[in-house]
Amino acid sequence: QVQLAESGGGLVQAGGSLRLSCAASGGTVSSYTMGWFRQAPGKEREFVATISWGDGLRLYADSEKGRFLIFRDNARNTVYLQINSLKPEDTAVYYCAARINPYLPLGDPHYDTWGQGTQVTVST
């Protein structure tokens, strides 16, 4: 079973950038559809971005496209989320997730394995 470990969060000034990492073990990230989600205080978990297995097609939340970039480094077996122009409303715990089923559409909400999350706090 693939295990995921997020890192890279922290306290950042508004307008800055962060690159979050999701390191996988027990599986290869190129074999899974990988997603990033976030959960802000008082809010439900929301979708941020996903990258498909194999071909690496990308899908973003419409409201965030342009500030967020998901990509993977197969040699490091790691998926990244680049966040630019950070806003206070980006403050949340960010989670990565893996989907095993290769037949689901890229935008399907089902994921099987989740990391523990990494906290992103954006200050003003």
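List of remarks:
- Ranked from largest, the principal axis spans of the Cα set of the range 50-102 equal 34, 23, 17 Å.
- Residue order by solvent-accessible surface for Arg38, Arg76 is Arg76, Arg38, largest first, with ligands and nucleic acids left out and a 1.4 Å probe.
- For the chain, the Kirkwood radius over C-alpha pairs fed into Stokes-Einstein at 10 °C and 1.306 mPa s yields D = 111 µm² per second.
- Integer Hz, Karplus 6.51/-1.76/1.60 couplings in order for the range 75-82, x for Gly and Pro: 5, 8, 6, 9, 10, 10, 10, 8
- Under the Karplus curve 6.51 cos²θ - 1.76 cosθ + 1.60, θ = phi - 60°, whole-Hz ³J(HN,Hα) for the range 32-46, x wherever Gly or Pro sits: 10, 6, 10, x, 10, 10, 9, 9, 8, x, x, 10, 7, 4, 10
- Cα centroid separation, the range 72-116 to the range 1-41 (Å): 6
- Simple Cβ-charge dipole of the chain, Lys/Arg +1 and Asp/Glu -1, about Cα centre, in debye nearest 20: 220
- Rolling a 1.4 Å probe over the protein chains gives Lys43 an accessible area of about 140 Å².
- Compactness of the range 72-124 as Cα Rg over 2.2 N^0.38 Å, two decimals: 1.39
- Backbone geometry of the range 107-124 corresponds, through the Karplus equation with coefficients 6.51, -1.76 and 1.60 at θ = phi - 60°, to 3J(HN,Hα) couplings of x, 4, x, 7, 10, 9, 10, 10, x, 7, x, 9, 7, 10, 10, 10, 9, 9 Hz, x marking Gly and Pro.
- Loop-resident sites, the range 78-124, for chymotrypsin sites (Phe, Trp or Tyr not before Pro), counting at most 10 other Cβ within 10 Å (DSSP): Tyr103
- For the chain, relative contact order (Cα pairs under 8 Å, six or more residues apart, normalised by length) works out to 35 percent.
The values are calculated or read from the model by the stated rules, or taken from the named source; none is laboratory data. These numbers come from a predicted model, not from an experiment. Cβ atoms come from the backbone with ideal geometry, glycine included; neighbour counts cover every protein chain shown. Side chains included, ligands, DNA and RNA excluded: accessible areas come from the protein's heavy atoms. Shrake-Rupley method; radii C 1.70, N 1.55, O 1.52, S 1.80 Å.
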